[in-house]
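What follows is one structure encoded as structure tokens, with my remarks underneath.
We did not get these values from a lab; they are worked out from the coordinates using the rules stated. These figures come from a predicted structure and were not determined experimentally. Here Cβ is always computed from backbone atoms with ideal geometry, including for glycine, and neighbour counts include all displayed protein chains.
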Amino acid sequence: MTGFFHAYDLRGKYPEQISEKEAEKVGKAYGTFTDAEKVLVGRDGRKHAEKITESFIEGITSTGTDVVNAGLAPSPVVYFGMVENSIESAAVVTASHNPSEYTGFKFCKENALAMSREGGMKKIEEIYAEERFETGEGKTETLDLKQTYIEFVKDNISLEKDLDIAINFGNGVATVLGRELFEELGCNVKTVNDELDGDFPNHLPAPGNEEAQKQLEAEMTDEDLGIIFDGDGDRAGFILPGYGYISEDEVLAVFSKECLESSKGTVIYDLRASKLVPEIIEKYGGKPSTARVGHTFISEEIHSDPSIVFAGELSGHYYFPGFNVPWDDGLFSAALMCQIVSEQDLAELLNSFEDYPVSPELRLDCPHSSKKPVIDKLKKEYSDHKLSTVDGVKIHFDKGWALIRPSNTEEKMSVRCEADTQEDVDRLLKQVRGDVERLIENS
């Protein structure tokens, strides 16, 4: 696999791995691959993103494919734009929450279907490596999606009362329309790190980042809700005054309840989620279903099953096909959470949930070449237990479970456990972590 081609996106350091030269070549491969007449292209706010985007667009148009340039735009706004304007293909130049020296690309097929490796990425890599590029003279036009996206959200979200909210933009691209969006929804907005800065001088732009959470909490006074966006706006995290950071398991439960009260159907959640999530889904009349970790896998599930009303991942990606948002959208997620807070006592709801002890997700260093051997050996060592092998291996114990899975984008192995008591969690985590570290060391 070419160094910066991963399971569901392209990502690498600028300029060592991805410079303007590679970006143009990626554009040529993408333009050759796609059957679409036009490709919608947007970008994040990294210092090199504009140059990378220009080269990428030059590559696409050199194949005879036209480009619609949305400029600076959060990823979900680009996804919205392709659906709203019936554009069959889209690409976002972004490295999401990665450090400032990274750049990358996310690709979408028709109706905002995220492109997986088997869904097209592998073919694009082959064209890239073999340099079998079509030639032509494509045209470029520009399109501002900002106001139409804001109107779309306003058509779907209605607050019962005005709210005071605080938003940590993390100096990411969501700042280009975030304040205006939430003010038009009826919020009084306090902002933190709202200057677009691709160097991310305050902290990595990720909802789960503790620095991001602490900085926002320190700025909050009497606001009703705190919101944290990631670098490209497709993920969101939440802080509730007097409660603290709302865990992703709890957010999945809250959104599942909200979506199922509007429309019954299936809810997709990733394998790492607490058993709280399927319990809440069943309580409110939904059908729980697990999926592999990764936004392309969940996107493919959504586009193949019209019964799905909500889907979410512990990374903070949330999808709302029940609201005609079948893409991961941090801005829409935050708007819906504002609606929920305006209608009910969210802390009371959260406190009513069962509290199941669960570990943080450990990220252990593991070379790409060791990932499969480690998983295979774990399956063998725990063959006397019930195992789930959809994504890595999930080992079921009498009093809980442990999930060990390889990262799709980093040289890491993830470990997470849930059990009946905190003592059981600690015991399982110590046992499984020891096994994984031993196997990595010996691989």
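A few notes on this one:
- Under 12 Å, Cβ to Cβ, from ASN69 - net charge with Lys/Arg +1 and Asp/Glu -1: -3
- Separation of alpha-carbon centers, the stretch 233-302 and the stretch 315-344, rounded to whole Å: 11 Å
- Expressed to the nearest 5 percent, the antiparallel share of DSSP beta bridges inside the chain is 55 percent.
- Principal semi-axes in Å for the chain [√(5λ), Cα gyration tensor, largest first]: 33, 29, 20
- Each residue of the stretch 435-443 was assigned a 3J(HN,Hα) from its phi angle through the Karplus expression (A = 6.51, B = -1.76, C = 1.60, θ = phi - 60°), giving 5, 5, 4, 5, 5, 4, 4, 8, 7 Hz with x at Gly and Pro.
- Using only side-chain charges placed at the Cβ, +1 for Lys and Arg and -1 for Asp and Glu, the dipole size of the stretch 373-424 relative to its Cα centre rounds to 220 debye.
- The GluC sites (Glu not before Pro) of the stretch 340-369 that DSSP puts in a loop, and whose beta carbon has at most 11 other beta carbons within 10 Å, are GLU354.
- Value of relative contact order over the chain, rounded to a whole percent, pairs C-alpha under 8 Å and six or more apart: 12 percent
- Long-range tail of P(r) for the stretch 160-356 (Cα pairs > 21 Å, %): 48 percent
- Helix-derived mean residue ellipticity, 222 nm - over the chain, DSSP H n ≥ 4, -39500 (n - 2.57), to 500: -11500 deg cm²/dmol
- Look at the dipole of the chain built from charges on Cβ: of LEU428, ALA311, ALA90, the Cα furthest out on the positive end belongs to LEU428.
- When the P(r) is computed for the stretch 376-443, the part past 17 Å accounts for 39% of the Cα-Cα pairs.
- Remark: the chain carries a charge dipole of roughly 1600 debye about the Cα centre, counting +1 on each Lys and Arg Cβ and -1 on each Asp and Glu Cβ.
- Computed extension length for THR389-GLN431: 13.2 nm, one decimal, from 0.36 nm per residue of separation with the Cα-Cα distance subtracted.
- Alpha carbon centroid spacing (whole Å) that separates the stretch 34-108 from the stretch 140-197: 21 Å
- Under 5 Å between amide hydrogens, built in the peptide plane, is the criterion, and for GLY136 it picks out THR63, GLY64 among residues at least 5 positions away or on other chains.
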